[in-house]
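As structure tokens, the structure follows; a few thoughts come after it.
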Amino acid sequence: MKYVQEYRNPKFVKDLAKRIREITTRNWSIMEVCGGQTHSILKFGIDQLIPERIRLIHGPGCPVCVTPASIIDKALAIGRLDNVILCTFGDMVRVPGINDNLLQAKASGSDIRVIYSPIDCLQIARENPDKKVVFFAIGFETTAPANAMAVFQSEKLKLSNFSILPAQVLIPPAIEKLLSDENCRIDGILAPGHVCTIIGLKDYKRISRRFNIPIVITGFEPVDILDGFYHVVSQLEDNQACVENRYSRSVRDEGNPEALRIIDEVFDVADREWRGIGMIPKSGLKLNERYAHYDAEQRFDVDSAVDEADSECISGLVLQGVMKPTECSSFGRECTPEHPLGATMVSSEGACAAYYLYKRNSK
Amino acid sequence: MCLAVPGKLIELIDNDELMPVGKVDFGGVARDVILAYVPDAKIGDYVNVHAGFAISIIDAEEAEQILQCFQQLEDIAE
Ligand code: SF4
């Protein structure tokens with residue numbers, strides 16, 4: 001397919017890998033923020049192509065992974081109520097809450113539906129006027145415009161049986177949190193191309209200046225990712241620290257103004273809990289006052305258990321690049337994608353799951 | 001989860017001001033896609049699609065430019 005195949009060209013991949021090897025003279029730790037990129041790195045064996053001196057850090061960029069078990073429990077509790085249809089993205093159904101996951105709830109009779117687009121929920125709401133349709137709204141900035149549009153449209157259509165359980169998170173505050181940690185060893189960052197497609201470069205420029213760190217915006221194909229590494233390493237070796245946009249086929253400086261407008265119309269920035277990381281100030285989105293009546297937490301009175309720290313799990317350290325998934329004593333033993341102990345094993349985009357899936361003894 | 005898939009806009013189906021919809025071809029499979037966030041998209045453009053919404057028009061010039069850089073380096077190497 002166009003703009004996929006070209007960016008998988010094996011000749012370019014080989015050439016880029018060679019060029020990275022040629023310019024790398026010191027040890028660097030580089031974090032790719034996005035789980036989709038983590039997945040690509042392991043899937044295409046990019047970790048095997050780049051020099052030993054580069055340590056890979058797999059960032060927190062998987063919305064499914066970082067959704068707290070307590071919110072999943074809330075979704076489960078709402079899903080179990082009579083006359084409720086709970087809609088969710090497919091990635092979410094197998095993710096464990098404190099005791100159960102959505103798939104188990106569906107097996108025991110709850111009406112849980114996997115949707116492709118949040119807009120599909122509106123159709124379901126119209127077709128089922130006697131049911132209450134709740135959308136479990138997870139996602140980063142990439143998904144927020146779609147989630148926001150569902151609420152905005154619902155208001156226009158005056159659908160009274162639709163609401164959302166908002167669990168949306170924002171990437172730049174999470175990056176800042178990781179970079180502020182005293183254990184942090186991140187020297188350079190590959191920034192997530194699709195989040196940047198929505199929000200543009202502004203936040204990344206601020207972060208790059210504040211932490212004096214190179215940030216290169218990249219896409220998701222092997223050539224994109226290696227090109228990203230090449231430019232981060234070039235900057236590091238030259239003692240530079242700026243933002244470079246290498247995904248300019250999709251990312252504009254100002255982001256996507258139409259998408260930002262609708263996010264702003266429906267949501268306010270709020271503090272959020274991240275599974276495996278903890279509370280990050282101003283790192284999430286909640287419905288603003290005008291749309292607060294769409295909040296499922298207000299419509300349905302359900303209790304939620306308090307999140308317990310994922311016990312033996314070291315995913316917090318994995319996310320900061322202090323340890324590799326394979327260095328965790330539970331990896332592949334007590335902890336597998338079927339029985340994940342921590343955030344980074346829960347979806348195929350989490351670092352532990354990606355290592356498990358592609359079974360590499362990677363660096 | 002933040003994956004967006006490129007496809008070619010082949011038809012405009014609904015001109016609704018708020019939620020225009022078009023047909024996007026993903027290498028032989030066509031799907032309805034909401035074009036609200038790409039108001040300038042024209043038939044023949046490639047768009048990146050996420051969760052049923054086009055989130056950007058793929059800038060062909062930018063895409064080619066970067067590829068050409070790699071091609072040139074290849075040529076020099078050979
Ligand atoms: S392998 Fe499991 S327990 Fe170990 S860090 Fe990863 S998610 Fe946590």
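Please treat every number below as a calculation from the coordinates, not as lab data. All figures in this text were calculated on a predicted structure; none of them were measured in a lab. Here Cβ is always computed from backbone atoms with ideal geometry, including for glycine, and neighbour counts include all displayed protein chains.
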request  = Place a +1 charge on the Cβ of each Lys and Arg in chain B and a -1 charge on the Cβ of each Asp and Glu, then give the dipole magnitude about the Cα centre in debye, rounded to the nearest 20.
outcome  = 360 debye
query = So what is the calculated 222 nm ellipticity per residue for chain A, using -39500 (n - 2.57) for each DSSP H run with n of 4 or more, over all residues, to the nearest 500 deg cm²/dmol?
reply = -11000 deg cm²/dmol
query = Hey, what angle do you get for helix A:257-266 against the long axis of chain A, alpha-carbon based, 0 to 90 degrees rounded to 10?
reply = 40 degrees
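Out of all DSSP beta bridges with both ends in segment B:5-77, state the antiparallel percent to the nearest 5. Write out the running numbers ahead of the final one.
Values: 19 of 20 bridges.
Just about 95 percent of them are antiparallel.
If I take R0 = 30 Å and measure r between the Cβ atoms of A:R206 and A:R185 in this structure, what FRET efficiency does the formula 1/(1 + (r/R0)^6) give, to the nearest 0.05? Before the final figure, lay out each step's value.
Numbers: r = 21 Å, r/R0 = 0.71.
FRET efficiency, A:R206 to A:R185: 0.90.
State the antiparallel share, in %, of DSSP beta bridges confined to chain A, rounding to the nearest 5. Walk me through the intermediate numbers first.
Numbers: 9 of 43 bridges.
If I count the DSSP bridges inside chain A, around 20 percent turn out antiparallel.
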inquiry  = Compute the helix-to-body angle for A:222-237: its Cα long axis versus the longest principal axis of chain A, expressed 0 to 90° and rounded to tens.
reply    = 60 degrees
task = Relative to the longest principal axis of the C-alpha atoms of chain A, give the angle of the C-alpha long axis of helix A:69-80, reported between 0 and 90° and rounded to the nearest 10°.
result = 30 degrees
ask   = Which of rounded, prolate, oblate describes segment A:218-363, given a ≥ b ≥ c as roots of the alpha-carbon gyration tensor eigenvalues and a/c under 1.5 marking rounded, otherwise prolate only if a/b is larger than b/c?
value = oblate
task = Please name which of A:S163, A:V223, A:L56 has its Cα lying farthest along the dipole of the protein assembly as shown towards the positive end, using unit charges on Cβ (Lys, Arg +1; Asp, Glu -1) and the Cα centre as origin.
result = A:L56
ask   = Is segment A:115-269 rounded, prolate or oblate when judged by the Cα gyration tensor, a ≥ b ≥ c being the square roots of its eigenvalues, rounded requiring a/c under 1.5 and prolate requiring a/b larger than b/c?
value = prolate
inquiry  = Need the C-alpha centroid separation for segment A:98-116 versus segment A:51-69, integer Å.
reply    = 26 Å
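Measure up A:K14/A:K43; A:K2/A:K202; A:K156/B:K42; A:K18/A:K205 against 20 Å on the Cα-Cα distance and list the ones that go over. Let's see the in-between values first.
Working: A:K14/A:K43 16 Å; A:K2/A:K202 29 Å; A:K156/B:K42 27 Å; A:K18/A:K205 29 Å.
Violating the 20 Å limit, Cα to Cα: A:K2/A:K202; A:K156/B:K42; A:K18/A:K205.
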ask   = Shape of the protein assembly as shown from its Cα gyration tensor (a ≥ b ≥ c, root eigenvalues): rounded if a/c is under 1.5, otherwise prolate when a/b > b/c, or oblate?
value = oblate
